[in-house]
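The values are calculated or read from the model by the stated rules, or taken from the named source; none is laboratory data. Since the structure is predicted, the reported quantities are computational estimates derived from the model, not experimental observations. Note: ideal-geometry Cβ built from the backbone for every residue, glycine included; neighbour counts use all protein chains shown. Remember, those area values only see protein heavy atoms, side chains included, never the ligands or the DNA or RNA. Shrake-Rupley method; radii C 1.70, N 1.55, O 1.52, S 1.80 Å.
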Amino acid sequence: MKHGIYYSYWEHEWSAKFGPYVEKVAKLGFDVIEVAAHHINEYSDAELAEIRHTATDNNIVLTAGIGPSKSKNLSSPDIAVRQAGKAFFEQTLTNVAKLDIKTIGGALHSYWPVDYSEPVDKKGDRARGVEGIHGIADFAANLGINLCIEVLNRFENHVLNTAAEGVAFVRDVGKPNVKVMLDTFHMNIEEDSFGEAIRIAGPLLGHFHTGESNRRVPGKGRIPWHEVGLALREINYTGAVVMEPFVKTGGTIGSDIRVWRDLTDGADETKMDEDARNSLAFSRFVLGG
Ligand SMILES: O=C(CO)[C@H](O)[C@H](O)[C@H](O)CO
Ligand SMILES: [Mn+2]
C-alpha cells in the first residue's frame, strides 16, 4: 500500500501549479502525490516532462484527481456536452499519461459538484454515465490508465452514493481498467458500515481517499480508522491511499468543498506540513503500508 496526499491541501485553486509540490511531499515522507487534472491541458510538454523527472528523482508516484465541469459531463442529456466531455477526457488522459500516471479518480462518470437547482434524473444520468465511461475506457487502457469512479455523498452527486452503487456501475461498464473509488469523508455520510463498504468493493477497489468527517487530516477526528484498516487488509488492497484534507477557506477549492471556517486553526505552512507528516505516520500505522 502506498500513501499519498492531494496537493490541494495547500492550495485555493484547482488550477494551481502542482510541480513545486513533488519535492515537498517527498520530503514529508509520502510515496504518492495526487495532482488535479482539471487544468492539465494547459501545461506544456516541457513542463510535464520536468515534473515527471522530478517525481522519478524523488521516488514519487503521481495519481490524478478530477471533478469534471458541467460543460464536460459524460452523463449530460445534451449530446454536444457528452461529446465535449469525451474530447476533454481524451486530451486530459493523453496529458496525464505524460506524467506516467496510472490512476485517475473522481466523478468521471458525471460532473462535480452537482447543481441541484436543476431537476435530478438519476436513472438517465447513470445510464449515460455507464455509456460515457465505456466509451473512454479503452482509450485510457491503451495509455495504461485505470479510471476510478468515485462514490460521493448526496450533497455533491446523485449518481453513486454507496459502495454497492459504485460496484453495480462498474460491473455494468464491464471494463477491466474501470474501478470503484471510495473516500472515508463520503462514506461517513452514506454507508451503514465502513468495513462492509470496503468489503463490498473488494477486488474492484481501485483508489482510496481518506479524510476525517470534517476533512481534517486522518487522525484528528472520529473516523473508525482501525475498522477501515482491517477491511483494507482483508481485501488485500494494494493500491494507493491518498489523504484528501481540505482545511482552508477561500478560492474555488474552498467554495466547491464548502469550507466556510478555518480548519487549520490558524496554522502557517510549517504547521500544515507537520500535520501532514504526523497524519502520514498515523495512516501507515493504522492502515498498513
Ligand atoms: O472527494 C472529492 C470531492 O468531495 C473528490 O475526490 C475531489 O475533491 C474532486 O474530484 C476534485 O478533484
Ligand atoms: Mn475524494
(request) Residue by residue through the stretch 142-154, note down the ones that are under 18 Å from Leu93 (Cα atoms) and open to solvent by less than 70 Å² (accessible area, probe 1.4 Å). (result) Leu143, Gly144, Ile145, Asn146, Leu147, Cys148, Ile149, Glu150
(message) Quick check on my filter: what residues within the stretch 98-137 are within 16 Å of ligand 2 (Cβ to nearest atom), of a type in the set (A, V, I, L, M, F, W, C) and in a loop (DSSP other than H, G, I, E, B)?
(response) Ala107, Leu108, Trp112, Val114
(message) I'm told Phe139 meets every condition in (1) touching a Ser or Thr at 6+ places or on another chain (Cβ under 9 Å); (2) open to solvent by less than 30 Å² (accessible area, probe 1.4 Å); (3) of a type in the set (A, V, I, L, M, F, W, C) except one. Can you identify the failing condition by its number?
(response) (2)
(request) Using the structure shown, decide if Val217 is β-branched (Val, Ile, Thr), buried (at least 24 other Cβ atoms within 10 Å of the Cβ) and not in a loop (DSSP other than H, G, I, E, B). (result) no
(request) Please name all residue pairs, on different chains or six or more residues apart, with Cβ atoms under 6 Å, provided the first residue is in the stretch 72-87 and is under 20 Å from Ile40 (Cα atoms) and the second residue is of a type in the set (Phe, Trp, Tyr) and surrounded by 12 or more Cβ atoms within 10 Å (Cβ to Cβ). (result) Lys72/Phe88; Asn73/Tyr111
(request) Specify the residue that is nearest to ligand 1 (Cβ to nearest atom); the eligible residues are those in the stretch 93-128 that are in contact with a strand residue (DSSP E or B) (Cβ under 9 Å, 6 or more places away or on another chain) and open to solvent by 20 Å² or more (accessible area, probe 1.4 Å). (result) Trp112
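Looking at Asp273, Asp265, can you tell me which residue is buried (at least 16 other Cβ atoms within 10 Å of the Cβ), touching a helix residue (DSSP H, G or I) at 6+ places or on another chain (Cβ under 9 Å) and acidic (Asp, Glu)?
Criteria check complete, one pass: Asp273.
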